[in-house]
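This report refers to the structure that appears directly beneath it.
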Amino acid sequence: MTFSELRTALADVVAIPVTPYQDGALDLGSFRKLLRRLVSSGVTTITPNGNTSEFYALTAAERRQLITAAAEEVGAEAFLLLGVGHDVATAVADVKAGEEAGIRMVMIHQPVHPHVSPLGWVDYHAQIASAAPGVAFVLYIRSAWVTPAMLVELAGRCPNVVGIKYAVPDVTQFARIRDLAGPDRFVWIAGLAEPYALSYAVHGAEGFTSGLVNVNPRLSLALRDALRTQDYPAARDMLASISRFEELRAEDSSANNVSVIKEALAQLGLCNRTIRPPSHELNHQARTEIAGILSEWGCTAADQSQPIHAAAGAHA
């Protein structure tokens, strides 16, 4: 795979799969089935060990198991964008494990540290990316504190940094940093998923991340197609149809971001709703509301093809 091919793969729906559990341990059988379902639905870019995968709740051994399972199950049929993070040595070890499994794209999670300097931020990412020059890297940016100058400096040191997953809820800031850091130097991905996909696409985002795609892949892919053809009325209809679902995920500073996805999948019979602390399973009221949303979308356990909500296709 060339870097050009990998860049093209990022300009798409970037699915972040959940990590199913059973009796406290990884449920790799359900994980594989969820990946297979995504690929069968037409998803071509998948991020194992992303935030929706509960990255920070996984042990090193569990991350390796998920890397192996993802590569074995869909590595020949989809582009895998492996999530890595923590300290530099830990991140590089996961990158190397991914390389051994045939994974050629890596997303570096935002550094989690109480003291981050601009030069240190650049060094952190550069040390990880330089350890694997044959791998294409994507930066996960969740703070407006990151400046265009920092990205330009990193780009000069590491030509294999090819993408930016931008997850700052400020479209004006996104447009500014994209223009100043290089609209063509990086593939720009809307990192706040479907709710921001339209506004960020207008300002140059070529792809968007998605947790919703685990539940309703056809809707996420239809939104992608509408954005590619600039069918913004259809895109607005789709966003309206998912607004309450995404609001539930965003409540209380995204406390239930993954819990909502897992609850929906549990109601569809696709995996256990179990989630690890510091996250928590949903209460009865939220579960009932999600059941209503799934019904509106036409999603049932018996019909997992996930048809698009009628309103979403009004302008298709």
**Prompt:** For the charge dipole of the chain, defined by +1 on Lys and Arg C-beta atoms and -1 on Asp and Glu C-beta atoms about the Cα centroid, which residue among VAL122, GLY207, GLY269 has the Cα displaced farthest towards the positive pole?
**Reply:** VAL122
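Go through 89-97, 193-201 and give me the packing order, highest mean Cβ count within 10 Å leading.
Answer by packing, highest mean first, reads 193-201, 89-97.
Count the DSSP beta bridges whose two residues both fall in the chain, then state the antiparallel fraction as a percent rounded to the nearest 5.
About 5 percent, rounded to the nearest 5.
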**Request:** State whether region 109-200 is rounded, prolate or oblate according to the following rule on the C-alpha gyration tensor (a ≥ b ≥ c being the square roots of its eigenvalues): a/c under 1.5 gives rounded; otherwise a/b larger than b/c gives prolate, and the remaining case gives oblate.
**Result:** prolate
**Asked** Most exposed first by the Cβ proxy, i.e. fewest other Cβ within 10 Å, how do THR209, THR147 rank?
**Response** THR147, THR209
**Prompt:** Helix 171-181 versus the longest principal axis of the chain: what angle, 0 to 90°, nearest 10, using Cα atoms?
**Reply:** 30
**Asked** Where does the chain land at 222 nm, in deg cm²/dmol rounded to the nearest 500, when only DSSP H runs of n ≥ 4 count, each adding -39500 (n - 2.57), divided by all residues?
**Response** -15500 deg cm²/dmol
**Angle in degrees between helix 257-267 and the longest Cα principal axis of the chain, rounded to the nearest 10** = 40
**Asked** What is the order of VAL74, VAL106, fewest Cβ neighbours within 10 Å to most?
**Response** VAL74, VAL106
**Total charge dipole magnitude, the chain, about the Cα centre, Cβ charges on Lys, Arg, Asp, Glu only, Debye to nearest 20** = 220
**Asked** Taking a spot 7 Å from the Cα of GLU99 along the direction of its beta carbon, which residues of region 130-144 have an amide N less than 11 Å from it?
**Response** 130-136
**Complete:** Ordered by fewest other Cβ atoms within 10 Å, a rough proxy for footprinting exposure, LEU82, LEU28 read LEU28, LEU82
**Message:** I'm spelling it out carefully: the read-out is Rg and Dmax of the Cα atoms in Å, the candidates are [x] 17.3, 49; [y] 18.6, 57; [z] 18.4, 53, and one was derived from this structure. Which label?
**Reply:** [z]
**Request:** Report the label-to-label distance for TYR56 and LEU180 in nanometres (one decimal), using points 7 Å from each Cα along the Cα→Cβ vector.
**Result:** 2.7
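Computed from the coordinates by the stated procedures, all read-outs in this text should not be read as laboratory data. In this text the structure is predicted, and so the values were computed from the model without any measurement. Note: ideal-geometry Cβ built from the backbone for every residue, glycine included; neighbour counts use all protein chains shown.
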